[in-house]
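Single-structure report; data block below.
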There are 2 protein chains.
Amino acid sequence: MTELGDNGGVGPRVLRVPEGDSRPRHTCPDCGFIHYRNPLIVVGSVCLAGDGRLLLCQRAIAPRVGYWTIPAGYMELEESTEDGARREAIEEANANINIEHLLAIYNIPHISQVQILYAARLTNDAVSPGPESQAVDLFEWEDMPWSNLAFPSVHWALTHHRQAVEAGDWTPRSAPAP
Amino acid sequence: MTELGDNGGVGPRVLRVPEGDSRPRHTCPDCGFIHYRNPLIVVGSVCLAGDGRLLLCQRAIAPRVGYWTIPAGYMELEESTEDGARREAIEEANANINIEHLLAIYNIPHISQVQILYAARLTNDAVSPGPESQAVDLFEWEDMPWSNLAFPSVHWALTHHRQAVEAGDWTPRSAPAP
């Protein structure tokens, strides 16, 4: 049993193996509540405009404020991965998309995250910043803000998307070896 | 704010929209702990033996005790989807597998579950029941226990695997429309 330093001394803050289980779980010593923690799913999409440009959003919220990302975020309860990707495109860029292919499953085990990303097309070019974006824009490949991307997976997704389009091969990609 | 009937009156049992959030979350009225709940990932595999038979496991634990399933289960923290599928094959059938293709992503939104299933090969036929299985066996297609499969997704996965093998087309499959 381990008392954890996080959580400010409230809630599930003790690591203990529950009866009938095999792994330590976060447990509340006050009320016995067991907080089973599981990997989180991020859903999103690389969005292609009719003229071949790609949609990026400049983040208005932490982490990585001011850096550029594809529309993506945590999947919510009671939605599908595709519905989540469509929701994120609307929330971050007021962008309506048609999903065409599964682009990639990126496992990032050290943060217990699985990113499920799609290749999509914008139904039209009328995009605008949602509340979580400072700006949104459509970029030619050569004009991408490569040195100001928010996360490594944004770089992977853009590169994998281009490879897939050029090869006509939509075998889902994985994260590069660390 | 909604007091929930579950949880036995302890832990995060009140539904409330936290400050800066847009959705109600399970909150503990005693200590303020917010329990963000997210979709759960199930990882598993359809496992092919050298002679073309497929591995199934007869469940020893609830739900669906006595019914047959492919090796699959909840993904754990700090593992990849592939590592999780390999772990489940070992835990349920003492089976060592080589993962060859992503077979399917099955969204089951009404239970907030995403199943990520692979096509794999057994490294050898020496399989045996792990603690969560009553029995394990290798089945010819014609001899599958079709009327005693544990879950609809087991039926989907076996069928999609056969279609993919026959067509040589490993485009990941989705759940059939409800």
Legend entry - Per-residue ³J(HN,Hα) for the stretch A:40-46, Karplus 6.51 cos²θ - 1.76 cosθ + 1.60, θ = phi - 60°, Hz, x for Gly and Pro: 9, 9, 9, 10, x, 7, 8
Inset, instruction - Can you tell me the dipole magnitude for chain B around its Cα centre, using point charges on the Cβ only (Lys, Arg +1; Asp, Glu -1), in Debye to the nearest 20? - result: 540 debye
Legend entry - Test item: A:23-32 mean partner chain Cβ contacts at 10 Å: 3
Legend entry - Local electrostatic count, A:Asp143, Cβ distance below 12 Å [Lys/Arg +1, Asp/Glu -1]: -2
Inset, instruction - Could I have the simple spin-label model distance between B:Ala60 and A:Glu166, label points 7 Å from Cα toward Cβ, reported in nm to one decimal? - result: 5.2 nm
Legend entry - Protection proxy ranking, peptides A:38-49, A:9-20, average beta carbon neighbours within 10 Å, highest first: A:38-49, A:9-20
Legend entry - Teacher prompt: A:Phe139 distances to equivalent labels in other copies, 7 Å Cα→Cβ, nm: 5.0
Legend entry - Cut-off 13 Å between beta-carbons: net charge of the residues surrounding A:Gln58, Lys and Arg +1, Asp and Glu -1: -1
Legend entry - Rounded, prolate or oblate (a/c below 1.5 giving rounded, otherwise prolate when a/b exceeds b/c) for the stretch B:40-167 by Cα gyration tensor: rounded
Inset, instruction - Sort the protein assembly as shown into rounded, prolate or oblate with this rule: let a ≥ b ≥ c be the square roots of the eigenvalues of the Cα gyration tensor; rounded if a/c is under 1.5, and if a/c is not under 1.5, prolate when a/b is larger than b/c, oblate otherwise. - result: oblate
Legend entry - Sorted peptide list for A:23-30, B:68-75, B:87-94, criterion being average Cβ within 10 angstrom, highest first: B:68-75, B:87-94, A:23-30
Legend entry - C-alpha center-to-center spacing [the stretch B:56-70, the stretch A:20-78] in angstrom: 32 Å
Legend entry - Dmax and Rg, reported as Rg then Dmax, of the stretch B:12-80 (C-alpha, Å): 19.5, 59
Legend entry - Separation between Cα centres of the stretch B:108-178 and the stretch A:104-178, rounded to whole Å: 31 Å
Legend entry - Dipole moment magnitude, nearest 20 debye, the stretch A:56-142 about Cα centre, only Lys, Arg, Asp, Glu C-beta charged: 220 debye
Legend entry - Virtual spin-label span in nm between A:Glu19 and A:Thr123, 7 Å along Cα→Cβ: 5.4 nm
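Once you average over the residues of B:164-173, how many Cβ atoms of partner chains fall within 10 Å of each Cβ?
Across B:164-173, the average partner-chain Cβ count within 10 Å equals 1.
We did not get these values from a lab; they are worked out from the coordinates using the rules stated. A quick note: this is a predicted structure, and the numbers were derived from the prediction, not measured. When we count neighbours, we look across all protein chains shown, and the Cβ atoms used for this are built from the backbone with ideal geometry, even at glycine.
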